[in-house]
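Working notes for the structure below.
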Amino acid sequence: KMKDYMVIHTFKSEEIRQQYFAMAQDLTLEDIRAQLKNDNASFQINWNAGEGEMAMYCWWKANSPEAIIETLGEMGEMFHNDVKEMPNMIDVTD
């Protein structure tokens, strides 16, 4: 069973951040799902505050932190990736 991870993806520069958002405009949700899901890691949710922020927060399910970095591939090189396993969850939603 895959473990839950939160990843803080911090852009390495302003220029890279602008490149990312320009590139992301052209991707559909299906493109993103296909690119960021395999037997070892699966991207779940991204939270970001838009182009004015240098960090994004993502929930991943993965077998290991390395599997996340491997799945990100070249895109992962745009960021400093702070991967933390999150074994405990309290769900208060209905």
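Tabulated data
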read-out	value
Number of positions in region 35-51 that are farther than 20 Å from Gln19 by Cβ and in contact (Cβ under 8 Å) with a residue 12 or more places away in the chain	7
Filtered residue count, region 44-59, keeping only those that are among the polar types (S, T, N, Q) and either part of a loop (DSSP other than H, G, I, E, B) or open to solvent by less than 60 Å² (accessible area, probe 1.4 Å) (or both)	2
Neighbours by Cβ (under 7 Å, 6+ apart or cross-chain): first from region 7-34, open to solvent by less than 80 Å² (accessible area, probe 1.4 Å); second in a helix (DSSP H, G or I)	Val7/Ile68; Phe11/Arg17; Phe11/Tyr20; Phe11/Met78; Ile16/Met78; Tyr20/Met78
Complete set of residues in region 67-94 that are in a helix (DSSP H, G or I), open to solvent by 100 Å² or more (accessible area, probe 1.4 Å) and touching a strand residue (DSSP E or B) at 6+ places or on another chain (Cβ under 9 Å)	Glu70
Scan of region 60-94 for residues that are hydrophobic (A, V, I, L, M, F, W, C) and under 18 Å from Ala24 (Cα atoms), ordered by number	Leu72, Met75, Met78, Phe79
Residue identified as touching a residue at least 40 places away in the same chain (Cβ under 8 Å) and over 15 Å from the mean Cα position of the chain (by Cα) among Met54, Met78, Met2, Met86	Met2
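The values are calculated or read from the model by the stated rules, or taken from the named source; none is laboratory data. These numbers come from a predicted model, not from an experiment. Backbone-built Cβ (ideal geometry, glycine too); neighbour counts: all protein chains shown. Accessible surface is based on the protein model in full, side chains and every heavy atom, while ligands, DNA and RNA are left aside. Shrake-Rupley method; radii C 1.70, N 1.55, O 1.52, S 1.80 Å.
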